[in-house]
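S.K.: I have a structure here, written as structure tokens, and I will follow up with some questions on it.
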Amino acid sequence: MNTTATLNPSWVLARRAAKMNPSVIREILKVTEKPGIISFAGGLPSPKTFPVAEFEAACAKVLRDDPQGALQYAASEGFGPLREMVAAMLPWKVDPAQVLITTGSQQGLDLVAKVLVDAGSKILVESPTYLGAVMAFTPMEPMVVSVSNDEEGIDIADLSAKAKDARFLYVLPNFQNPTGRTMSEARRAALSTRAAALGLPIMEDNPYGDLWFDTPPPAPLTARNPDGCIYLGSFSKVLAPGLRLGFIVAPKAVYPKLLQAKQAADLHSPGFNQRLIAEVMKDGFLDRHVPTIRTLYKSQRDAMLEALAREMPAGDPDATLTWNTPAGGMFLWARLPEGMSAVDLLPYAVDKGVAFVPGAPFYADHGDPRTLRLSFVTPSVEEIHRGVAALAGAVKAYAAELDEQAIRALTP
């Protein structure tokens, strides 16, 4: 018998590890796994949109025609035909050599941060912004600075005041996560001109741009100044998130270092998955498939707007949210009355069988506690109506509790 004492190793975490935090959204999604919960929380594409039959056929064809290539290690840049497809589908002239296939657009955020951010570097983001981007940037220990926004997009004056020494501005111009808003043509033109004058690079993240409902969004920022922008795209929202494929389009001055960061991260994204996407996309499949997604999501957005107007009509002081009307994408942005907190509301909502994401975590600083994000694409229309009714009941219950607390505070 070995009587030698076993010593526990002394694990010393890197400083950057202390800055890593769990995703608020992922933690809330655990709540939605409870039976009976209607979830407006996750940014999950509707499974109804997954082209299962097409992928089944593509799997068989790829394994029949090129099994060795599909199952072998591959080029870090990505599958050549897929890179060519990406370049061809973008609305400005793109050399396929500028396209880097990534393991989801989330990896694109990580790679850009590794290449462009030093400890203490200033980076600019919208207010609010995509939580996953801030999580990707944070381990590089930047100084993240929020730029003010209005309904048209970035506030150009505030950007100008904060741009000095910034490494880049990160923006989602189309149907932004979390707010669902879209940057106007006039604001895009002004932003592109001002950023070029300031020498400020732009990272343009566009996972939702194809999901417009009535009219397409304006041209990308990158199309206006390709050498001054890095563009991120994704196949997750239009084909299948489980395949984890996205892409970066980068200026030739930056591309080699992004490629080296990719090689260090995972050598390459799955070659089999890339071939599946390329096989499914050929012959213009997206042109036929994406309109069906738009139709579905628009009907679900309309159902949520109708239910909100019915259950929480303007003028009801105990149960009034204010909300926007997104022109595409997957999210609606709402705000509670003065004195309420979306974090405090959440337990009331879960108790009534509905979940959402509080908005404060989407702010890099000075989060608005009254805001919340509602995703309308995964629940059915019937679930949306029931879920909004439950949310209205939760707001009323929360408001009643606040009133009781105020009365107790005044009682001697």
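S.K.: Suppose all protein chains stay in the model; what accessible area per residue would a 1.4 Å probe give for the chain, in Å²?
M.R.: Using a 1.4 Å probe on heavy atoms only, each residue of the chain averages 46 Å².
S.K.: Picking from F55, F40, Y73, whose Cα lies most toward the positive end of the charge dipole for segment 1-160 (charges on Cβ: Lys, Arg +1; Asp, Glu -1)?
M.R.: Positive-most Cα among the choices belongs to Y73.
S.K.: Another question, if that's okay. Rounded to the nearest 500, what is the chain's calculated 222 nm mean residue ellipticity when only DSSP H runs of at least 4 contribute -39500 (n - 2.57) each, over all residues?
M.R.: Mean residue ellipticity at 222 nm (helix-derived): -13000 deg cm²/dmol.
S.K.: While we're on this one: Identify the residues of segment 320-350 with backbone N under 19 Å of a label point that sits 7 angstrom from the Cα of S46 along the Cα-to-Cβ direction, or state none.
M.R.: Zone members listed by number: 325-333.
S.K.: Still on this model: Identify all lysines with a Cα-Cα distance to K34 below 24 Å; exclude those on the same chain that are fewer than 8 residues away in sequence.
M.R.: Excluding near neighbours in sequence, the set is K48, K352, K396.
S.K.: What ranking, highest mean first, results for peptides 382-395, 292-305 when packing means the other Cβ atoms within 10 Å averaged over each residue?
M.R.: 382-395, 292-305
S.K.: Evaluate the charge dipole of segment 196-251 about its Cα centre and quote only its size in Debye, nearest 20, assuming +1 on the Cβ of each Lys and Arg and -1 on the Cβ of each Asp and Glu.
M.R.: Dipole magnitude for segment 196-251 comes out near 120 debye.
S.K.: With r defined as the distance between the Cβ atoms of A253 and D351 and R0 fixed at 41 Å, what FRET efficiency is calculated, to the nearest 0.05?
M.R.: My answer for the efficiency is 0.15.
S.K.: Would you mind checking which residues have amide H under 5 Å from I38's amide H? H placed 1.01 Å from N; only 5 or more apart, or other chain.
M.R.: Placed amide hydrogens put V354, A355 under 5 Å from I38.
S.K.: For segment 143-291, what proportion of DSSP beta bridges, expressed in % and rounded to the nearest 5, is antiparallel?
M.R.: 45
S.K.: Taking the Cα atoms only, what angle lies between the long axis of helix 185-198 and the longest principal axis of the chain, rounded to 10 degrees?
M.R.: 60
S.K.: Multiply the residue gap between E33 and A400 by 0.36 nm, knock off their C-alpha separation, and tell me the result in nm, one decimal place.
M.R.: 129.3 nm
S.K.: Sort the following peptides by mean Cβ neighbour count (other Cβ atoms within 10 Å, averaged over residues), highest first: 192-200, 266-274.
M.R.: 266-274, 192-200
S.K.: On to the next question. Got a number for carbon plus sulfur as a percent of the chain's accessible area, 1.4 Å probe?
M.R.: 56
S.K.: Sticking with this one: Where both partners of a DSSP beta bridge lie in the chain, what percent of those bridges are antiparallel, to the nearest 5?
M.R.: Rounded to the nearest five, the antiparallel share is 55 percent.
S.K.: Can you tell me the length gained on complete extension of the stretch D287 to A196, counting 0.36 nm per residue apart and subtracting the Cα distance?
M.R.: 29.4 nm
S.K.: What is the dipole size for the chain, taken about its Cα centre, with +1 at each Lys and Arg Cβ and -1 at each Asp and Glu Cβ, in debye to the nearest 20?
M.R.: Here the chain has a charge dipole of around 880 debye.
S.K.: Between L232, L116, L191, where does the largest GNM mean-square fluctuation fall for the chain, given springs only between Cα atoms within less than 10 Å?
M.R.: Checking each option, the largest mean-square fluctuation is seen for L116.
S.K.: Considering only C-alpha atoms, what is the centroid distance from segment 338-368 to segment 83-135, in Å?
M.R.: Segment 338-368 and segment 83-135 have Cα centres spaced 29 Å from each other.
S.K.: While we're looking at this one, here's another question. Report the FRET efficiency, 1/(1 + (r/R0)^6), for D66 and I407, where r is their Cβ-Cβ distance and R0 is 56 Å, rounded to 0.05.
M.R.: Efficiency for this residue pair is about 0.20.
S.K.: Output the 0 to 90 degree angle, nearest 10, between the alpha-carbon long axis of helix 104-116 and the longest principal axis computed from the alpha carbons of the chain.
M.R.: Roughly 80 degrees between the two axes.
S.K.: If one takes the longest principal axis of the Cα atoms in the chain, at what angle in degrees, from 0 to 90 and to the nearest 10, does the Cα axis of helix 255-266 lie?
M.R.: Roughly 80 degrees, rounded to the nearest 10.
S.K.: Place a point 7 Å from the Cα of V381 along the Cα-to-Cβ direction; which residues of segment 292-314 have their backbone N under 14 Å from it?
M.R.: Once the point is set 7 Å along Cα→Cβ of V381, 295-307 turn out to lie under 14 Å by backbone N, inside segment 292-314.
The values are calculated or read from the model by the stated rules, or taken from the named source; none is laboratory data. What you are looking at is a predicted structure, and each value in this text was computed from that prediction instead of being measured. Because the Cβ atoms are built from the backbone with ideal geometry, glycine has one as well, and the counts that use them run over all protein chains shown. Just the protein is used for accessible areas: all its heavy atoms, side chains included, with ligands, DNA and RNA removed. Shrake-Rupley method; radii C 1.70, N 1.55, O 1.52, S 1.80 Å.
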